[in-house]
Amino acid sequence: MIDRYTRPEMGRIWNENTKYQKWLEVELAASEALAELGEVPAEAAAKLRQYATVDATRVQEIEKEVRHDVIAFTTAVAESMAAAGEAEASRWFHYGLTSNDVVDTAQALQVKAASALIRTGLETLAAALKRRAFEFQHTVQIGRTHGVHAEPITFGLKLALWYDEIRRNLRRFESAAEDIRVGKTSGAVGTFGHIGPKVEERICAKLGLKPAPIASQVISRDLHAAYLASLGLITATLDKIAMEIRHLQRTEVREAEEPFSAGQKGSSAMPHKRNPVTSEQISGLARVVRANVQAGFENIALWHERDISHSSVERVILPDSTILTDYLLAKTTWLIEGMRVYPDRMMKNLESTQGLVFSGQLLLDLAAAGMLREKAYRIVQSQAMKAWEHDGNFHQAIKDDPEVRAYLQPDQLAGSFSLERQLQNIDEIFRRVFDN
């Protein structure tokens with residue numbers, strides 16, 4: 001992923017130096033586990049721990065010649081042992097292992113580290129959404145369906161909905177991250193032909209991983225696909241949040257907008273512009289993560305016990321998806337924390353249709369008062385369409401309608417147009433969301 005969208009801590013997890021260090025970490029854990037079980041000289045394992053190093057630049061130089069990254073890696077480590085005068089111990093390096101014993105297990109360590117950052121990002125965003133939900137718990141806003149005014153809501157309700165979705169994303173993500181926290185050293189076809197299951201258990205325990213119950217030469221890629229899918233769902237929610245803010249920032253709406261700093265410029269040609277550029281960036285980059293999910297699904301089907309068609313894909317989609325998810329979580333948190341909200345504008349927009357948004361409650365009240373529902377619907381819709389087409393006052397038209405007055409007294413009619421009545425259950429919804 002390009003530097004523009006890479007936060008430093010996440011970027012370090014996926015750089016080449018870290019990758020080879022994780023490979024070395026797996027190799028040393030294997031040597032030590034084998035030594036503990038008497039299959040490798042303890043002195044050799046100790047010397048490997050003390051003297052083995054790896055340099056990414058040297059690995060890449062060797063790989064240009066041998067055209068095999070793991071062989072280039074083991075050669076570079078052997079060179080470091082020889083330089084330390086401990087070449088003899090290096091013959092026990094990579095003992096009994098095949099390439100993917102190292103690569104898959106080390107990759108699990110990188111994903112584990114990346115997951116810790118993403119988990120923190122989700123929790124931070126959830127906390128920001130919760131704070132702002134309670135801030136606007138009773139801030140009245142018009143709800144929209146199909147982009148058209150529907151019935152009143154509160155802006156806090158919208159934020160609470162996003163919070164609830166992020167909490168589900170967190171649960172799904174934690175489950176997928178735990179499933180993928182597995183390593184394997186079962187060899188070229190998964191039979192433990194050279195290293196036994198007990199050794200694998202010790203190696204994984206040293207690394208903070210679980211042993212995969214069964215593997216071929218590679219860990220089954222449904223785990224990786226599920227993990228990527230959880231990232232796709234997270235970023236889909238972030239896209240949902242960003243898209244809503246983009247809509248609310250439109251000139252005709254102007255109910256909320258993303259932060260705009262004092263020195264910020266919105267347009268090279270139009271000085272008045274305050275564009276929702278961060279929200280648009282979130283929506284755009286979320287598409288990349290979702291597209292990567294499909295590539296993860298394609299990686300599940302491999303030839304027999306292993307091919308490497310998945311390998312080149314994962315060099316792109318695992319770093320890029322975790323890097324972008326981390327970046328987008330931070331951007332969305334910034335967006336929520338600094339979002340400008342305009343309650344007066346919300347109320348002005350709600351009132352702009354002069355009572356139309358209470359048509360549903362009026363319909364119910366007329367039916368409850370004894371009017372046939374079909375007749376009530378015809379009357380209410382007729383008055384509503386007149387108000388809509390001629391920018392009329394629906395509330396006043398209903399007050400003046402003799403058929404309505406025959407069923408509803410003035411105090412009853414006032415209740416049909418009551419915001420408090422429409423929003424009487426907001427506190428209960430908040431309890432259901434935030435008390436669990």
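The values are calculated or read from the model by the stated rules, or taken from the named source; none is laboratory data. Not measured: the values here are computed from a predicted model. In this analysis, Cβ positions are derived from the backbone assuming ideal geometry, glycine residues included, and neighbour counts consider all displayed protein chains.
Tabulated data for the structure shown
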{"item": "Residue satisfying condition, being without any contact (Cβ under 8 Å) to a residue 12 or more places away in the chain, touching a helix residue (DSSP H, G or I) at 6+ places or on another chain (Cβ under 6 Å) and farther than 28 Å from H138 by Cα, within set A397, A406, A376, A367", "result": "A367"}
{"item": "T105 vs. criteria under 30 Å from L228 (Cβ atoms), assigned by TED's automatic domain parsing to the domain that holds L170 and assigned to a helix (DSSP H, G or I)", "result": "yes"}
{"item": "Tally, over segment 399-418, of residues that are within 20 Å of A150 (Cβ to Cβ) and either touching a Phe, Trp or Tyr at 6+ places or on another chain (Cβ under 9 Å) or surrounded by fewer than 10 Cβ atoms within 10 Å (Cβ to Cβ) (or both)", "result": "3"}
{"item": "Of all residues in segment 183-198 being surrounded by fewer than 21 Cβ atoms within 10 Å (Cβ to Cβ) and β-branched (V, I, T), the one that is farthest from E244 (Cα to Cα)", "result": "T191"}
{"item": "Check on D391, surrounded by 14 or more Cβ atoms within 10 Å (Cβ to Cβ) and either touching a strand residue (DSSP E or B) at 6+ places or on another chain (Cβ under 9 Å) or without any contact (Cβ under 8 Å) to a residue 60 or more places away in the chain (or both)", "result": "no"}
{"item": "Residue within segment 367-380 that is buried (at least 17 other Cβ atoms within 10 Å of the Cβ), aromatic (F, W, Y) and in a helix (DSSP H, G or I) present", "result": "no"}
{"item": "Output for segment 147-197, where each listed residue is of a type in the set (S, T, N, Q) and under 23 Å from F358 (Cβ atoms)", "result": "T154"}
{"item": "Scope segment 409-435; condition part of a loop (DSSP other than H, G, I, E, B) and touching a helix residue (DSSP H, G or I) at 6+ places or on another chain (Cβ under 9 Å); matching residues", "result": "F417, S418, L423"}
{"item": "Criterion: on the phi > 0 side of the Ramachandran plot and out of contact with any His (no Cβ under 7 Å at 6 or more places or on another chain) - qualifying residue of G190, G121, G143", "result": "G190"}
{"item": "Residues located in segment 178-232, provided they are more than 19 Å from P319 (Cα to Cα), outside any helix (DSSP H, G or I) and among the aliphatic types (A, V, I, L, M)", "result": "A188, V189, I195, L209, A212, I214, A215"}
{"item": "I166 being within 21 Å of A116 (Cα to Cα), assigned by TED's automatic domain parsing to the domain that holds V277 and surrounded by 20 or more Cβ atoms within 10 Å (Cβ to Cβ)", "result": "yes"}
{"item": "Given (1) more than 30 Å from D320 (Cα to Cα); (2) without any contact (Cβ under 8 Å) to a residue 40 or more places away in the chain; (3) hydroxyl-bearing (S, T, Y), index of the condition T75 fails", "result": "(1)"}
{"item": "For A160: the one exception among (1) crowded, with 16+ Cβ neighbours inside 10 Å; (2) under 16 Å from the mean Cα position of the chain (by Cα); (3) not acidic (D, E)", "result": "(2)"}
{"item": "Residue count for segment 274-297, restricted to those that are closer than 16 Å to D222 by Cβ and out of contact with any His (no Cβ under 8 Å at 6 or more places or on another chain)", "result": "5"}
{"item": "Single residue of segment 4-59 satisfying the filter (over 27 Å from the mean Cα position of the chain (by Cα) and polar (S, T, N, Q)) that is surrounded by the fewest Cβ atoms within 10 Å (Cβ to Cβ)", "result": "T57"}
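For (1) modelled with pLDDT of 95 or more; (2) of a type outside the set (A, V, I, L, M); (3) in the same structural domain as T154 (by TED's automatic domain parsing), each residue gets a yes or a no:
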| residue | (1), (2), (3) |
| --- | --- |
| M371 | no, no, no |
| Q383 | no, yes, no |
| A406 | no, no, no |
| Q424 | yes, yes, no |
| V433 | yes, no, no |
